[in-house]
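Notes to accompany the following structure.
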Amino acid sequence: MLVRPPSGKKVLWQEMLRHELLTALDQRPVVIVPVGSVEQHGPHCPMDVDISIPYHLAIRAADAIDDFPAIVAPPVLYGFTHYNMGEVGTITLKLELFIELMCDIARSLWANGFHRIILLNGHGGNQAPVSSASVKLAEEDVWALPLTYWNMALDELRDWSDEDDVGSIGHGGEWETSLQLYLRRELVDMERAVKDAWRMKFSKTVQRYARFPERRREMEHGVMGNPLVASTAKGERLFNVLLERLVELCHEYHQEEPPRYREFGSHCA
């Protein structure tokens with residue numbers, strides 16, 4: 001999965017030459033690390049939905065920023081998705097291994113002098129582990145901002161959803177399918193799309209604050225939400241909002257210094 005900006009601008013870390021990275025260091029650069037998973041997304045979507053969306057977002061954001069370097073690190077394809085192992089195509093890492101992987105990537109970027117790091121996540125199962133990695137790194141005075149992309153547009157997801165539960169990003173449902181139709185329509189087979197019945201414990205009201213960890217995707221075909229109401233237009237509309245907010249974050253991050261563990265004079269070791 002190699003995608004480059006529409007403009008042709010060089011933004012991928014792995015394609016840069018030594019002097020280009022050294023030059024970027026003098027300009028308060030922001031490095032975006034796309035993080036996702038490889039797992040089933042129902043009968044109609046490809047396995048790499050959860051990495052493709054943050055990857056495209058990161059590249060488009062880096063392309064849109066001209067006044068300082070925004071660099072896209074190599075994407076982290078594999079995530080924590082043990083509950084999807086009951087479905088063919090899923091590849092998962094152990095929880096501890098995934099957290100350490102995220103920490104080592106951030107440590108490496110930091111050691112190279114890149115101190116404005118965004119861990120841009122696209123997989124629900126990664127939310128808590130990526131945040132845990134960020135906390136673990138902070139104890140070492142290494143700072144990486146954890147960000148799950150749909151949290152940038154919770155109001156829009158709630159207001160614009162035709163069917164998906166309280167504006168959830170779902171899983172191969174209304175919104176992920178819409179984003180795929182916008183970004184990579186050729187990889188989606190809408191003739192195979194199905195809507196699964198929810199099989200969750202507790203009422204929807206209680207689920208807002210009390211849920212068990214998933215042991216397997218809770219739907220017959222591995223779909224959470226309704227892909228039958230997805231559209232390219234919905235995907236484009238949501239993507240543009242997400243892109244605008246990611247660019248805004250990068251601009252603010254560029255102006256700010258990362259925090260420091262002892263910033264307020266703590267003498268703790």
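What to note about this one:
- Which of PHE68, PHE239, PHE202 has the fewest Cβ neighbours within 10 Å, and the rest in rising order: PHE202, PHE68, PHE239
- Working ranking of peptides 8-21, 39-52, 128-141 by packing, defined as the average number of other Cβ atoms within 10 Å per residue, highest first, is 39-52, 128-141, 8-21.
- Under the criterion of Cα pairs below 8 Å and six or more residues apart, the relative contact order for the range 13-251 equals 23 percent.
- Taking only the Cα atoms of the chain, the radius of gyration and Dmax are 18.9, 62 Å.
- ³J(HN,Hα), Karplus 6.51/-1.76/1.60, whole Hz, each residue of the range 136-146, x for Gly, Pro: 4, 5, 4, 5, 9, 6, 10, 10, 9, 7, x
- Taken as Cα centroids, the range 77-140 and the range 163-193 sit 24 Å apart, rounded to the nearest whole angstrom.
- On Cα atoms only, tilt of 232-255 relative to the major axis of the chain in degrees: 20 degrees
- Residues GLU186, GLU257 in ascending order of nearby Cβ atoms (within 10 Å, fewest first): GLU186, GLU257.
- Using the Cβ-Cβ distance between SER108 and THR205 with R0 set to 41 Å, the FRET efficiency from 1/(1 + (r/R0)^6) comes to roughly 0.40.
- Rough spin-label spacing in nm, given labels placed 7 Å along Cα→Cβ, for ALA128 and LYS9: 3.8 nm
- The H on the amide N of LEU145, modeled in the peptide plane, is under 5 Å from the matching H of ILE117, ILE118, LEU119, each at least 5 residues off or on a different chain.
- The ranking of THR205, THR81, THR90, THR23 from fewest to most other beta carbons within 10 Å of each one's beta carbon is THR205, THR23, THR90, THR81.
- Helix axis angle, 95-111 relative to the chain longest principal axis, alpha carbon, degrees: 30 degrees
- Nitroxide proxy distance, nm - points 7 Å out along Cα→Cβ at GLU220 and HIS19: 6.3 nm
- For the pair PHE68 and SER231, label points projected 7 Å from Cα toward Cβ lie 3.9 nm apart.
- Rounded to 10°, Cα long-axis angle of helix 174-184 versus longest principal axis of the chain: 60 degrees
The numbers here are math on the coordinates, done by the rules we state, and not lab data. Computed from a predicted model, the values in this text were never measured in an experiment. Cβ atoms come from the backbone with ideal geometry, glycine included; neighbour counts cover every protein chain shown.
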